[in-house]
Amino acid sequence: MRKIILLADMESFYASVEVAKNPSLRSKPVAVCGDPKLRHGIVLAATKEAKAYGIKTGMAAWECTKLCPGIIFVRPHMRDYIDVSLKITEVFNGFSDRVAPYSIDEQFLDMTGCEKLFGTPEDMAKLIIKKVWEKVNIRCRVGIGENPLQAKMACDRFAKKNKDGFFKLTHDNYAKHTWPLPIRDLFGVGSRMERNFLNIGIRKIGHLATLKKEDLKRRWGINGEILWLNAHGIDYSVIEPSISMKDIRKGVGHSITLPRDYRSKKEIEVVLLEITEEVCRRARSLSKVGRVVNVYCRGADFDFPTGFSRQVKMSEPTAVTMDVYPYVLKLFYAYWDRKPVRALGISLSGLTDLQEIQLSLFDKKEEKIALSKAVDSVRKRYGITSIFRLASLSQGGLLFDRANKIGGHEA
Ligand SMILES: [Mg+2]
């Protein structure tokens, strides 16, 4: 059976959230710009009005001012973006039970078998665009495909560029639409692979498609094979919700976009510990313990997005940081591809009331949680930096930055 896979992408997501929050910014050139000290004032997102001046993601603040003297800079509010992203997931959960976030502003929906409810794939796309606008005032674009790769290509190469905001690729029209495109437009081709291909005369996606898969595999290994499959619109992956909305509602979570790419294990471990601490603190403040821990990681390479979201059941429910942390590390190292990391998140689900844990489970747990709660109450009075783990002082620690940002006034 042919599948119906949609990829919904939010236009200029961070900037759009800021505009939705403050309508006086609408139709103005706005750039969301990180802390000058942390990211050298680099643009994280810009409205289409700012883009019209040539402003792009990754540009330095001073360059923007030069291109557009009237540019309005807004500082990022990560917590708002996470909240809006979850609201959008909620909208999508009304359409399908197979929704998988791909990044903070992109989510896949498997709509196979939903035609009786929502009509053609094009009808589904229009309805989704409308519903997202009604719910969060953000423009959404939809790529339609028969697998996730086709949906992603349809979105990035066509839906983002046309007026309707949606486009459909199928096994039948994939070659016609994508083969004339430059090779860099193929999903998975970064600047290095583009150079490799150009060196041997492969300028268009169609050129790559006509080569033999075995030759590409011999030359570039598994990556060569995947790119050949991509050129043919072949992708066997399925959309499986990584964490269901129910788990999120029943759980507590926290995620962070890092101020720069993190490469070393030591730095990453510090941040994972800080996030674990925050998640456990939230669970404790609700007097809950969790049974399932989920670790989310996103890679830093925009050309070839990587990452994972995986969960594991712990041997017993807990909200003690140092009980949860070993599971977090184990999950992280099991799935991390050793490439630079840009975002990390952890959630605790399968929550039960602390009081409900059976006595047999206790082994000093009550004491440990009581101690943790005492620490929490000190922090509540004197700020989260009043008591902290020594690791947070080491390189990579974000607690002190977060105290001012996500956990503090700006959020
Ligand atoms: Mg986007």
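The values are calculated or read from the model by the stated rules, or taken from the named source; none is laboratory data. Since we're looking at a predicted model, the values are computed, not measured. Every residue, glycine among them, receives a Cβ derived from its backbone with ideal geometry; neighbour counts consider all protein chains shown. For the accessible areas, the whole protein counts, side chains as well, though only heavy atoms, and no ligand, DNA or RNA atoms are used. Shrake-Rupley method; radii C 1.70, N 1.55, O 1.52, S 1.80 Å.
Output the residues belonging to the stretch 131-148 that are part of a loop (DSSP other than H, G, I, E, B) and either assigned by TED's automatic domain parsing to the domain that holds PHE187 or more than 12 Å from the ligand (Cβ to nearest atom) (or both). Break it down stepwise before answering.
Narrowing the stretch 131-148 to residues part of a loop (DSSP other than H, G, I, E, B): 137-139, 146-147.
Listed by number, the residues that qualify are ASN137, GLU146, ASN147.
Considering only the stretch 330-371, state which residues are modelled with pLDDT under 70 and outside any loop (DSSP other than H, G, I, E, B). First the steps, then the outcome.
First, pick out the residues of the stretch 330-371 that are modelled with pLDDT under 70: 355-371.
GLN355, GLU356, LEU359, SER360, LEU361, LYS365, GLU366, GLU367, LYS368, ILE369, ALA370, LEU371 - these are the residues of the stretch 330-371 that are modelled with pLDDT under 70 and outside any loop (DSSP other than H, G, I, E, B).
Please state which one of ASP172, ASP80 is at pLDDT below 95 and charged (D, E, K, R). Explain how you work it out, then say what you get.
Numbers: ASP172 fails: at pLDDT below 95.
Only one candidate qualifies: ASP80.
Does LEU216 qualify as being over 26 Å from the mean Cα position of the chain (by Cα) and over 30 Å from TYR81 (Cα atoms)? Steps first, please.
Numbers: over 26 Å from the mean Cα position of the chain (by Cα): yes; over 30 Å from TYR81 (Cα atoms): yes.
Taking the combined requirement at face value, the residue satisfies it.
State the number of residues belonging to the stretch 1-11 that are open to solvent by less than 20 Å² (accessible area, probe 1.4 Å) and within 14 Å of the ligand (Cβ to nearest atom).
First pass over the stretch 1-11, keeping only residues open to solvent by less than 20 Å² (accessible area, probe 1.4 Å): 4-10.
In the following step, the residues that additionally are within 14 Å of the ligand (Cβ to nearest atom) were identified as 7-10.
Residues that pass the stated criteria total 4.
Going through GLY70, GLY41, GLY34, GLY58 one at a time, which residue ends up being away from the ligand (no atom under 16 Å from the Cβ) and on the phi > 0 side of the Ramachandran plot? Spell out how you get there, then give the answer.
Numbers: GLY70 fails: on the phi > 0 side of the Ramachandran plot; GLY34 fails: on the phi > 0 side of the Ramachandran plot; GLY58 fails: away from the ligand (no atom under 16 Å from the Cβ).
None of the other options fit; the residue is GLY41.
Consider ALA151 against the criteria (1) of a type in the set (A, V, I, L, M); (2) part of a helix (DSSP H, G or I); (3) touching a residue at least 60 places away in the same chain (Cβ under 8 Å); (4) within 22 Å of ALA300 (Cβ to Cβ): it satisfies all of them except one. Which criterion is unmet?
Only one criterion is unmet by ALA151, namely (4).
If I ask for residues that are out of contact with any Asp or Glu (no Cβ under 9 Å at 6 or more places or on another chain), within 18 Å of ASP9 (Cβ to Cβ) and in a helix (DSSP H, G or I), which ones from the stretch 94-130 would you list?
LEU127, ILE128, LYS130
With the structure loaded, tell me whether LYS48 is surrounded by fewer than 16 Cβ atoms within 10 Å (Cβ to Cβ) and within 16 Å of the ligand (Cβ to nearest atom) or whether it fails that test.
Numbers: surrounded by fewer than 16 Cβ atoms within 10 Å (Cβ to Cβ): yes; within 16 Å of the ligand (Cβ to nearest atom): yes.
Yes.
Is it the case that the stretch 330-345 has a residue that's touching a Pro at 6+ places or on another chain (Cβ under 7 Å) and closer than 29 Å to CYS33 by Cβ? Don't jump to the end; show me each part of the working.
If we filter the stretch 330-345 for residues that are touching a Pro at 6+ places or on another chain (Cβ under 7 Å), which is where we start, we get none.
No, the stretch 330-345 has no match at all.
Return the total of residues in the stretch 113-126 being open to solvent by less than 20 Å² (accessible area, probe 1.4 Å) and either away from the ligand (no atom under 16 Å from the Cβ) or of a type in the set (Asp, Glu) (or both).
Going through the stretch 113-126, the residues open to solvent by less than 20 Å² (accessible area, probe 1.4 Å) turn out to be 114, 124-125.
From the residues that got through so far, the ones that are either away from the ligand (no atom under 16 Å from the Cβ) or of a type in the set (Asp, Glu) (or both) too are 114, 124.
Here the count works out to 2.
Take SER96 and tell me if it is within 16 Å of the ligand (Cβ to nearest atom) and polar (S, T, N, Q).
Numbers: within 16 Å of the ligand (Cβ to nearest atom): no; polar (S, T, N, Q): yes.
Answer is no for this residue.
List the pairs whose first member sits in the stretch 305-325 and is in contact (Cβ under 8 Å) with a residue 24 or more places away in the chain, whose second member is among the aliphatic types (A, V, I, L, M) and open to solvent by 40 Å² or more (accessible area, probe 1.4 Å), and whose Cβ atoms are under 6 Å apart, counting only residues at least 6 apart or on separate chains?
Hits for this filter: GLU316/LEU361.
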